[in-house]
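Below is one structure, written out as structure tokens, with a few remarks after it.
The values are calculated or read from the model by the stated rules, or taken from the named source; none is laboratory data. Keep in mind the model is a prediction, meaning the values are calculated, not measured. When we count neighbours, we look across all protein chains shown, and the Cβ atoms used for this are built from the backbone with ideal geometry, even at glycine.
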Amino acid sequence: MSSTPANKGRQSVFIKKVGGVQDENGTNSLEAEAILIHIKEVIVQEEELPNEHCSSIGVLSPFRNQTDYLSEYFKTHLTFEDIKRHKIRLGTPYHFQGEERDIMLLSMALDNNSHPAGFKYLNKEDVFNVAITRA
């Protein structure tokens, strides 16, 4: 990632370990909850801003089951107006090809007991590169 005068000296990447476990469906509900909390914090912080100045938000998970879970979870906890206002987009790395967002939240959905194939998939260059370069 490159530095610009606007972001020089600012921390741009944050890691938040939320715990949780990957269930038998390949989803991590605690990660979904933490992501929703963060999105709602942004929504509240920017509620007085005009729409064109609101941060766009992307939520990326390399795993389809987690993106499907997040999609259903968001439908019951976010309004259509908030989704539209913040241009919230959810998907796998392939859904974000050519897309960028002001804020990107990553949901890896894995835990220490996850199948090794999940970790191997995360190490694929194209998956990892798209995941970390969309913001």
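Checking the structure you have, find out if any residue of the stretch 105-119 is surrounded by 12 or more Cβ atoms within 10 Å (Cβ to Cβ), modelled with pLDDT of 90 or more and not hydrophobic (A, V, I, L, M, F, W, C).
Checking the stretch 105-119: at least one residue is surrounded by 12 or more Cβ atoms within 10 Å (Cβ to Cβ), modelled with pLDDT of 90 or more and not hydrophobic (A, V, I, L, M, F, W, C).
Going by the conditions given, is Tyr69 outside any loop (DSSP other than H, G, I, E, B), hydroxyl-bearing (Ser, Thr, Tyr) and touching a Ser or Thr at 6+ places or on another chain (Cβ under 7 Å)?
Against the criterion (outside any loop (DSSP other than H, G, I, E, B), hydroxyl-bearing (Ser, Thr, Tyr) and touching a Ser or Thr at 6+ places or on another chain (Cβ under 7 Å)), Tyr69 qualifies.
Being β-branched (Val, Ile, Thr) and not in a loop (DSSP other than H, G, I, E, B) is the requirement here; does Val44 meet it?
yes
It is to be established whether one or more residues within the stretch 75-86 are part of a loop (DSSP other than H, G, I, E, B) and more than 13 Å from Ala32 (Cα to Cα).
Yes, there is a match, as at least one residue in the stretch 75-86 is part of a loop (DSSP other than H, G, I, E, B) and more than 13 Å from Ala32 (Cα to Cα).
Do we have Ser71 as closer than 25 Å to Ala117 by Cβ, exposed (fewer than 14 other Cβ atoms within 10 Å of the Cβ) and out of contact with any helix residue (DSSP H, G or I) (no Cβ under 9 Å at 6 or more places or on another chain) here? Show your work before the answer.
Values: closer than 25 Å to Ala117 by Cβ: yes; exposed (fewer than 14 other Cβ atoms within 10 Å of the Cβ): yes; out of contact with any helix residue (DSSP H, G or I) (no Cβ under 9 Å at 6 or more places or on another chain): yes.
Yes, satisfied.
Confirm whether Phe63 is within 19 Å of Ile132 (Cα to Cα) and of a type outside the set (Val, Ile, Thr). Walk me through how you get there before you give the answer.
Details: within 19 Å of Ile132 (Cα to Cα): yes; of a type outside the set (Val, Ile, Thr): yes.
In short, yes.
Consider the stretch 16-41. How many of its residues are outside any helix (DSSP H, G or I) and either under 17 Å from Asp82 (Cβ atoms) or β-branched (Val, Ile, Thr) (or both)?
First, pick out the residues of the stretch 16-41 that are outside any helix (DSSP H, G or I): 16-28.
Remaining after also requiring either under 17 Å from Asp82 (Cβ atoms) or β-branched (Val, Ile, Thr) (or both): 18, 21, 27.
The total comes to 3.
Based on what the data block shows, is Ser12 of a type in the set (Ser, Thr, Tyr), surrounded by fewer than 18 Cβ atoms within 10 Å (Cβ to Cβ) and within 14 Å of the chain's Cα centre (by Cα)?
It is false that Ser12 is of a type in the set (Ser, Thr, Tyr), surrounded by fewer than 18 Cβ atoms within 10 Å (Cβ to Cβ) and within 14 Å of the chain's Cα centre (by Cα).
Of the residues that make up the stretch 6-29, is at least one of a type in the set (Asp, Glu) and free of Cβ contacts under 8 Å to residues at least 24 places away in the same chain?
Checked against the condition, which is being of a type in the set (Asp, Glu) and free of Cβ contacts under 8 Å to residues at least 24 places away in the same chain, the stretch 6-29 yields at least one hit.
So for the stretch 27-37 (the condition being at pLDDT 90 or above, in contact with a strand residue (DSSP E or B) (Cβ under 8 Å, 6 or more places away or on another chain), surrounded by 15 or more Cβ atoms within 10 Å (Cβ to Cβ) and under 17 Å from Thr133 (Cβ atoms)), does at least one residue qualify?
no
I'd like to know if the stretch 49-68 contains one or more residues that are buried (at least 16 other Cβ atoms within 10 Å of the Cβ), over 24 Å from Leu122 (Cα atoms) and of a type outside the set (S, T, N, Q).
Scanning the stretch 49-68 turns up at least one residue that is buried (at least 16 other Cβ atoms within 10 Å of the Cβ), over 24 Å from Leu122 (Cα atoms) and of a type outside the set (S, T, N, Q).
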